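Visitor: Can you read through this structure? Questions will come right after.
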Amino acid sequence: MSYVKKPMAIENKSFEIITNELGEKAMQFTEGELKIVKRLIHTTADFEYADIVEISKDAIESGKKAIEEGSKIYCDTNMIVNGLSKKTMEKWDVGAYCLVSDEKVVIEAKERGLTRSIVGMEKAIKDAKTKIFLIGNAPTALFTLMEAIEKGYRPNLVVGVPVGFVGAEDSKERLRELDIPYIVTRGRKGGSTVAVATFHGILYDMYDRKGFLGE
């Protein structure tokens with residue numbers, strides 16, 4: 001009960017518990033990777049994420065570089081956009097967006113007989129300022145992005161964590177085969193909140209290192 005009215009105390013205690021329960025398993029991750037893993041567990045209360053998350057060796061640094069350069073971030077759901085810390089991203093003039101509800105996307109998707117996730121991703125890929133992609137829901141969005149990658153497109157970071165039973169696992173396995181910076185959760189688990197937690201693991205680490213939290 002002593003934690004109820006102290007949100008930071010709750011969060012600090014939660015991360016303390018996570019650290020203790022991870023034990024020696026934490027040693028298999030770099031410092032940057034561990035920050036992501038802990039946020040995934042904190043968001044889901046599921047320690048299996050320590051076993052299923054996979055982070056390519058250059059993913060974190062490539063993502064940080066894109067943030068520092070003010071990259072736009074494309075999200076496959078508005079839930080991801082709404083879940084990201086706008087205040088923190090403003091420090092680097094970084095913004096996130098989603099096009100699945102865009103009127104032009106809705107019309108084009110209907111005319112072409114495609115999902116809005118596919119059409120939205122197609123348009124995001126054409127935006128030269130968009131170098132980070134957070135995909136937590138639609139495997140079709142991830143497949144569309146990967147088709148572009150296979151043709152030579154090079155994003156700075158792809159967080160591919162779609163959740164579900166149809167296409168989600170397959171899309172992530174395919175992403176793991178591509179030579180680009182990625183973070184995935186193998187298997188069926190994932191989701192919008194997982195995409196947010198993954199990105200925050202990178203973003204908040206940058207925020208801490210810059211000393212903004214001491215403002």
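Visitor: Check every one of the helices (runs of 4 or more DSSP H) wholly within region 103-215 and list those with 1 or more residues that are loosely packed, with under 15 Cβ neighbours inside 10 Å. Before the answer, list the steps.
Guide: Working: elements: 103-112, 116-125, 139-150, 168-176, 192-210.
Qualifying helices (runs of 4 or more DSSP H): 103-112, 139-150, 168-176, 192-210.
Visitor: Oh, and also: Cβ contacts < 9 Å: first residue among the acidic types (D, E), restricted to region 84-95; second residue open to solvent by less than 80 Å² (accessible area, probe 1.4 Å), any location; separation 6+ or different chain. Result?
Guide: Every condition considered, the pairs that remain are D93/G70.
Visitor: For the structure I just gave you, tell me whether D93 is modelled with pLDDT under 95 and on the phi > 0 side of the Ramachandran plot.
Guide: yes
Visitor: Now for a separate question. Would you say G167 is out of contact with any Lys or Arg (no Cβ under 8 Å at 6 or more places or on another chain) and over 19 Å from R39 (Cα atoms)? Can you show your working first?
Guide: On the way: out of contact with any Lys or Arg (no Cβ under 8 Å at 6 or more places or on another chain): yes; over 19 Å from R39 (Cα atoms): yes.
Here the answer is yes, as G167 does meet what is asked.
Visitor: Would you tally the residues in region 56-87 being open to solvent by less than 30 Å² (accessible area, probe 1.4 Å) and either under 16 Å from S14 (Cβ atoms) or of a type in the set (S, T, N, Q) (or both)?
Guide: Applying the first criterion (open to solvent by less than 30 Å² (accessible area, probe 1.4 Å)) to region 56-87 yields 56, 59-60, 62-64, 66-67, 70-71, 73-77, 80-81, 84-85.
Among the residues that remain, those that are also either under 16 Å from S14 (Cβ atoms) or of a type in the set (S, T, N, Q) (or both) are: 56, 62, 71, 77, 85.
Final tally of qualifying residues: 5.
Visitor: Out of region 20-55, which residues are of a type in the set (S, T, Y), out of contact with any Leu (no Cβ under 9 Å at 6 or more places or on another chain) and open to solvent by less than 70 Å² (accessible area, probe 1.4 Å)? Please lay out each step first, then the result.
Guide: First pass over region 20-55, keeping only residues of a type in the set (S, T, Y): 30, 43-44, 49.
Right, trim to out of contact with any Leu (no Cβ under 9 Å at 6 or more places or on another chain) and you get 30, 43-44.
Within region 20-55, T43, T44 meet the criteria.
Visitor: Within the set of pairs 6 or more residues apart or between chains, which connect a residue that is under 20 Å from H200 (Cβ atoms) inside region 130-155 to a residue that is open to solvent by 10 Å² or more (accessible area, probe 1.4 Å) and assigned to a strand (DSSP E or B) with Cβ atoms less than 8 Å apart?
Guide: Cβ pairs passing all conditions: T130/K72; K131/K72; I132/K72; L134/A96; P155/K131.
Visitor: If the Cβ limit is 7 Å and pairs must be 6+ apart or interchain, which residue in region 179-195 that is farther than 15 Å from D76 by Cα and in contact (Cβ under 8 Å) with a residue 24 or more places away in the chain pairs with which residue that is open to solvent by 20 Å² or more (accessible area, probe 1.4 Å) and of a type in the set (F, W, Y)?
Guide: As it stands, the answer is R188/F165, since those pairs meet every condition given.
The values are calculated or read from the model by the stated rules, or taken from the named source; none is laboratory data. Just so you know, these numbers come straight off a predicted model, no measurement behind them. Positions of Cβ are generated from backbone atoms using ideal geometry, with glycine treated the same way; all protein chains shown enter the neighbour counts. The protein model used for the area step is the full one, side chains on, heavy atoms only, and it has no ligands, DNA or RNA in it. Shrake-Rupley method; radii C 1.70, N 1.55, O 1.52, S 1.80 Å.
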